[in-house]
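Structure first, commentary second.
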Number of protein chains: 2
Amino acid sequence: MTPDPRRDEAEFLASYDPRDYDPVAVTVDVVALTIRDGALHVLLVRRGFAPYAGMWALPGGFVQAGGPLRGADAEDLPDAAVRELAEETGLSAKGGALGRVHLEQLGTYGSPGRDPRMRVISVAHLAFAPELPDPQAGGDAADAAWVPVDALGLTDSGEQRPGTTRRLAFDHARILADGLERARGKLEYTPLATAFCGGEFTIPELRSVYEAVWGEELHAGNFHRKVLSVPGFVESTGATSDRGGRRGGPRPRLYRAGDARLLHPALLRPSREEEIR
Amino acid sequence: MTPDPRRDEAEFLASYDPRDYDPVAVTVDVVALTIRDGALHVLLVRRGFAPYAGMWALPGGFVQAGGPLRGADAEDLPDAAVRELAEETGLSAKGGALGRVHLEQLGTYGSPGRDPRMRVISVAHLAFAPELPDPQAGGDAADAAWVPVDALGLTDSGEQRPGTTRRLAFDHARILADGLERARGKLEYTPLATAFCGGEFTIPELRSVYEAVWGEELHAGNFHRKVLSVPGFVESTGATSDRGGRRGGPRPRLYRAGDARLLHPALLRPSREEEIR
DNA sequence: CAAATAGTGTCTCTTAGACAATATCAT
DNA sequence: ATGATATTGTCTAAGAGACACTATTTG
């Protein structure tokens, strides 16, 4: 049963009864990405309870709907995503380390049967974070950790290769695969790679972000010149890093994110020939 | 109140009661675009009932959730979008004219208060259609029509300019603005402009699609050469159109969509300098 | 016939990418 | 000292866009 839009609002509210509706739950899941030790990591929680007990899942939870009277506890979707992220990481949402996190909506997943309990529509979000502390296992989670994406054995078709130890619950392998593909694309035409860095960063650090997300080595010289040539991508701080490269080399200069929202011309990743058809 | 994931599935189902939940309704809305008379049009319905009676809205409706027992009437989100489109246009979903329509998810809109009746989460979809017949006003709609997008006075910020006669209900101006921006971008790096054409089309017809969506005139010669140079964008049918241009000119050749899913190199639209920052 | 249009040729400028060179730093 | 790294320079090929030209069709 679904609401009948032919009734006007007053009549609707007067005759309102939750039992008239097919129950649908709306959740928010977050694909939170960060770079650790030069590798792309995703924030996962281990489920303590059925369904999928013991398996790993994206952090997420039910949206506070607010009920028919739309109480003050009704949450907007981005707010719900930030709240879930804060709960799982133990970080404060406002002003704290989460203040620098980029968050965008990824997509909505609502196939019947994706949750064995009931019809669940999940609005997935994508977050780019600078390096954050290890998460606190809390709430519903038996464990929580930043997990290297490579260790999950994801295929392009959104499944995990057989033999992968950490199995993902629900359709979270598909959601994560979609999030990774979105992230790879975003790095091409937006300056969001800077969201993985701290407030100040070097060009080689920025390059390592691209290499971690794209899974390809980039030519240092050409990358350097390209980043500086795109208007508004980065701006110089005038300062210089206090350390050279890991195994030698001069001290790189420091930059901060510029004011561009789109990169023009874009930084196209090499060798996309395969995925064109 | 939200479900407690700590209960296992059997216990969950045994104790299930719809009244335990904050009621949330999930709808599907469709931004259906087509080209008519060289101008971009969107499919709109006029609301016959409150809220927003008399205003125009995107076609859409409630998703059939299927209830806790997940009956056979449970709908996937894309299926719901196709069903809404078929209901509003009076066209058959399978095999009919809707078979050639491109459909993709656009985004999910769930701000509290966006629907005055209750908490409604709307999963918006974007459809590219070749020229279709005029829709049949039916179901909940007092009227239905393909409306020129330019006549809606949309601003970049997702609002309608004052003085626009056809007002859009709910947050549909924002959704439509997002859909248009997505469409403009998709034409750059995918061959989806062909989805606005019939099975066979000419390069000038394809160019008119780009001009209608981007709102800019393109250089005919350069466009022609560019389209043919991108691998897999179009393939020749060998045939020639039976008419020349409107006011003269040779008969253009006919092409059909190629097998590329991405355009490489992309067709970048001119003059994007403004929107970079 | 006059005007418009399809399709092709040519030129210039920008950019991507390969490669090289040099200065600086870690070990 | 040795090797790695940051940064800049140079060269080549590809592509975008401006412009011109010809052949063909409509009215």
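The values are calculated or read from the model by the stated rules, or taken from the named source; none is laboratory data. This one's a predicted model, so the numbers in the text were calculated from it and none came from an experiment. Cβ sites come from the backbone with ideal geometry, for glycine too, and all protein chains shown count toward neighbours. Just so you know, the surface numbers come from the protein's heavy atoms only, side chains and all, with ligands and any DNA or RNA stripped out. Shrake-Rupley method; radii C 1.70, N 1.55, O 1.52, S 1.80 Å.
Some observations on this one:
- Pairing residues of region A:115-144 that are closer than 22 Å to B:Gly66 by Cα and hydrophobic (A, V, I, L, M, F, W, C) with residues that are part of a loop (DSSP other than H, G, I, E, B) and open to solvent by 30 Å² or more (accessible area, probe 1.4 Å), at Cβ distances under 6 Å and at least 6 apart in sequence or on separate chains, gives A:Met118/B:Pro68.
- Any hit, region B:155-178, residues being part of a strand (DSSP E or B) and crowded, with 20+ Cβ neighbours inside 10 Å: yes
- Condition check for A:Ala220 on (1) more than 16 Å from DNA strand C (Cβ to nearest atom); (2) among the aliphatic types (A, V, I, L, M); (3) out of contact with any Asp or Glu (no Cβ under 7 Å at 6 or more places or on another chain): one failure, at (1).
- Matching option when the condition is loosely packed, with under 11 Cβ neighbours inside 10 Å and not hydroxyl-bearing (Ser, Thr, Tyr), among B:Gly244, B:Gly258, B:Gly238: B:Gly238
- For region B:258-274, the criterion of being within 16 Å of DNA strand D (Cβ to nearest atom), within 20 Å of the chain's Cα centre (by Cα), in a helix (DSSP H, G or I) and within 11 Å of chain A (Cβ to nearest Cβ) is satisfied by no residue at all.
- For region A:194-227, a tally of residues being away from DNA strand D (no atom under 13 Å from the Cβ) and over 19 Å from A:Asp150 (Cα atoms) returns 5.
- Residue count for region A:129-157 satisfying the condition of being at pLDDT 95 or above and at positive phi: 1.
- Count of region B:196-209 residues which are within 14 Å of DNA strand C (Cβ to nearest atom) and open to solvent by less than 40 Å² (accessible area, probe 1.4 Å): 6
- Just one residue in the set B:Pro130, B:Pro162 is outside the structural domain of B:Leu228 (by TED's automatic domain parsing) and within 23 Å of B:Gly38 (Cβ to Cβ); that residue is B:Pro130.
- Residues that are in a loop (DSSP other than H, G, I, E, B) and either away from every other protein chain (no Cβ under 14 Å) or over 24 Å from B:Ser122 (Cα atoms) (or both), drawn from region B:92-110: B:Ser92, B:Ala93, B:Lys94, B:Gly95, B:Gly96, B:Val101
- Scanning region B:226-257 for residues that are among the hydrophobic types (A, V, I, L, M, F, W, C) and either touching a Leu at 6+ places or on another chain (Cβ under 6 Å) or assigned to a loop (DSSP other than H, G, I, E, B) (or both) turns up B:Val230, B:Phe233, B:Ala239.
- Odd one out for A:Met118, checked against (1) open to solvent by less than 10 Å² (accessible area, probe 1.4 Å); (2) at the interface with chain B (Cβ under 8 Å from one of its Cβ atoms); (3) not in a loop (DSSP other than H, G, I, E, B): (3)
- Region B:130-142 - residue that is part of a loop (DSSP other than H, G, I, E, B) and open to solvent by 20 Å² or more (accessible area, probe 1.4 Å) and, of those, nearest to the other protein chains (Cβ to nearest Cβ): B:Asp140
- No other residue among B:Ala177, B:Ala193, B:Ala212, B:Ala239 is modelled with pLDDT of 95 or more and away from DNA strand C (no atom under 16 Å from the Cβ) apart from B:Ala177.
- Taking the conditions (1) in a helix (DSSP H, G or I); (2) among the hydrophobic types (A, V, I, L, M, F, W, C); (3) surrounded by fewer than 19 Cβ atoms within 10 Å (Cβ to Cβ) in turn, B:Ala145 satisfies each one other than (1).
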